[in-house]
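Only the coordinates and a few stated rules stand behind these numbers; no lab work does. This is a predicted model, so every value here is computed, not measured. Cβ placement follows ideal geometry from the backbone for every residue including glycine, while neighbour counts extend to all protein chains displayed.
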Amino acid sequence: MVDGYRPSQTGKVSMVSTEKQHWAAPVAGCAINTVLKIPGSKSVTNRALILATLADGTSNLIGPLRSRDTLLMAAGLQALGVQVEDDGSDWKITRGKLQGPATVDVGNAGTVMRFLPPVAALAIGTIFFDGDPRSHERPIGPVISGLRAIGATINDDGRNAIPMTVEGHGSLRGGEISLDASASSQFVSAMLLVAPATQDGITIRHIGTSLPSTPHINMTVKMLREFGAIVDDSEVNVWRVESGSLLSQTMVIEPDLSNAAPFLAAALVTGGSVTIQDWPTTTTQPGDQLRNLLKIMGANVEFVTEGLRVSAGETLAGIDFDLHDVGELTPVIAALCALASTKSLLRGIGHLRLHETDRLTALATEINRLGGKVIEGPDSLEIHPQPLHGGLFHTYDDHRLATAGALIGLVVPGVEIENIATTQKTLPDFVGLWSTMLEA
């Protein structure tokens with residue numbers, strides 16, 4: 001059994017819940033200078049769990065992330081009959097026989113609600129998917145229609161959303177899929193990950209006007225190849241994955257670079273320096289764009305022996321930047337912009353309205369609540385730095401809103417974060433790491 005979960009009296013795997021409460025964001029009394037180790041990548045961990053499930057033999061994940069999203073993924077796979085063994089530091093994954101009946105709790109995890117239904121379609125039996133109230137509002141229609149196009153049976157009562165039931169027949173025929181992934185690149189990744197296990201492989205064509213977070217698709221393609229899949233991505237917005245066996249792997253999980261964002265940003269707002277250990281010199285993680293973004297805002301960025309060091313420059317400048325491909329960085333970047341010396345424009349981020357919450361409205365509302373001036377556009381945030389004051393910063397059950405509020409609280413006394421526990425979605429001990437950073 002994976003740590004963090006316990007069987008209920010009905011036998012269903014469930015998350016141990018944490019009660020919501022206000023958290024007084026600590027103020028940094030001086031410049032922060034520290035070296036930190038960030039836990040493994042959520043995006044890599046959850047993709048590796050799916051690929052290991054579909055591979056022959058047993059795969060080993062070294063240093064996987066244990067957070068709400070990854071534990072939900074592991075629990076969902078266990079419900080389908082996958083063996084996930086936890087030795088305290090690493091995971092061993094063995095496929096077993098995929099079958100129902102089963103119930104999968106997706107929480108509010110986009111990767112779980114989109115990556116697991118294709119796997120369930122390979123099982124034999126009835127698989128029911130449900131999750132947090134927000135999961136009922138998040139888009140999943142292109143995954144449902146894509147699965148139906150290659151032979152899956154899904155009952156969603158016409159909602160194109162969770163809750164839904166997948167009637168697994170033990171196989172998927174594969175074929176060509178045309179889908180609009182303008183709302184989330186995860187629609188493409190969901191179908192790519194299961195493609196080698198289909199009878200004929202899958203060809204996917206994105207037919208929308210824009211495609212957000214393409215680095216995450218590049219990550220999916222790279223990991224498929226590492227597990228032995230044959231992938232052709234030579235044509236723009238078209239991906240072809242051949243049918244074939246995947247090979248078990250031993251995979252070291254990289255640190256989650258997006259989760260490093262508030263810690264690196266802390267160096268800029270306090271005039272200090274933060275080093276993240278083991279930052280990869282080459283990676284497909286979108287969080288690697290922090291190196292460029294923070295440099296534009298005035299930081300000094302360099303690789304050192306321990307990892308990546310970010311130090312404050314003479315000023316913290318505003319930024320005019322299209323964050324379409326790295327939208328998950330927007331909350332922390334917006335918080336930085338609210339504390340900068342010049343105005344900022346964050347563009348190309350309309351798809352963030354469909355994440356854990358409507359992140360554009362949430363960021364504008366909460367920064368303005370503290371005295372800021374954020375003008376919300378359809379797909380942008382225009383941020384004019386203003387003197388900020390303390391107050392309650394609501395998170396809307398969104399982990400990245402919580403870390404953005406904590407960053408502001410470093411230099412604005414009296415900021416309280418509502419439901420800091422929501423950070424457990426991708427960073428299981430954010431408060432502990434934040435305290436470690438400040439103590440150093």
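Most exposed first by the Cβ proxy, i.e. fewest other Cβ within 10 Å, how do V106, V236 rank?
Values: V106 26, V236 7.
Ascending Cβ contact count within 10 Å gives the list V236, V106.
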**Request:** Using only alpha carbon pairs under 8 Å that are at least six residues apart, calculate the relative contact order of the chain and give it in whole percent.
**Result:** 17
**Item:** Positive-end residue of I253, I124, L427, charge dipole of the chain with Cβ unit charges
**Value:** I124
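Over the Cα atoms of region 37-98, what is the Rg over Rh ratio if Rh follows Kirkwood? Before the final figure, lay out the partial values.
Working: Rg = 10.7 Å, Rh = 11.4 Å.
Radius of gyration over Kirkwood radius for region 37-98 works out to 0.93.
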**Column: log10 I(q)/I(0), Debye, Cα scatterers of region 119-165, q = 0.18, 0.32 Å⁻¹** = -0.52, -1.34
**Message:** To test your reading of the geometry: what angle, between 0 and 90 degrees and rounded to tens, separates the Cα axis of helix 42-54 from the longest principal axis of the chain?
**Reply:** 10
**Asked** What is the spin-label model distance, in nm, from D90 to L392 if the labels are put 7 Å beyond Cα along the C-beta direction?
**Response** 4.7
**Neighbour-count order for S171, S189, fewest beta carbons within 10 angstrom listed first** = S171, S189
**Item:** Distance in nm between pseudo-label sites at D278 and D56 (7 Å out along the Cβ direction from Cα)
**Value:** 3.0
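Just how many % of Cα pairs in region 362-440 lie over 17 Å apart, if you round to the nearest whole percent?
Values: 1452 of 3081 pairs.
The answer is 47 percent, as a whole percent.
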**Asked** Could you put M164, M191, M297 in order, starting from the residue whose Cβ has the fewest other Cβ atoms within 10 Å?
**Response** M164, M297, M191
**Request:** Select from F227, C30, L336 the residue farthest towards the positive end of the dipole of the chain; place +1 on Cβ of Lys and Arg, -1 on Cβ of Asp and Glu, and compute about the Cα centre.
**Result:** F227
**Request:** With everything on Cα atoms, drop me the angle between helix 399-409 and the longest principal axis of the chain, reported from 0 to 90° to the nearest 10.
**Result:** 10
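Starting with the highest mean, order 421-431, 255-265 by the number of other Cβ atoms within 10 Å, averaged over the residues of each peptide.
Working: 421-431: 21.9, 255-265: 26.0.
Ranking, from highest mean packing down: 255-265, 421-431.
Among K37/K373; K373/K425; K37/K425; K37/K295; K37/K97; K37/K92, which pairs are too far apart, with a Cα-Cα distance over 25 Å? Walk me through the numbers on the way to the answer.
Working: K37/K373 34 Å; K373/K425 29 Å; K37/K425 18 Å; K37/K295 21 Å; K37/K97 37 Å; K37/K92 23 Å.
Over 25 Å Cα-Cα: K37/K373; K373/K425; K37/K97.
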**Request:** With just the Cα atoms of the chain, tell me how far they stretch along each of the three principal axes, in Å, largest first.
**Result:** 59, 45, 42
**Complete:** region 111-205, convex hull of Cα, quarter of hull surface, nm² -> 5.2
**Request:** Compute the whole-percent fraction of alpha carbon pairs in region 42-252 spaced more than 32 Å apart.
**Result:** 7
**Prompt:** For helix 110-120, what angle does its Cα long axis make with the longest principal axis of the chain, in degrees from 0 to 90 and rounded to 10?
**Reply:** 10
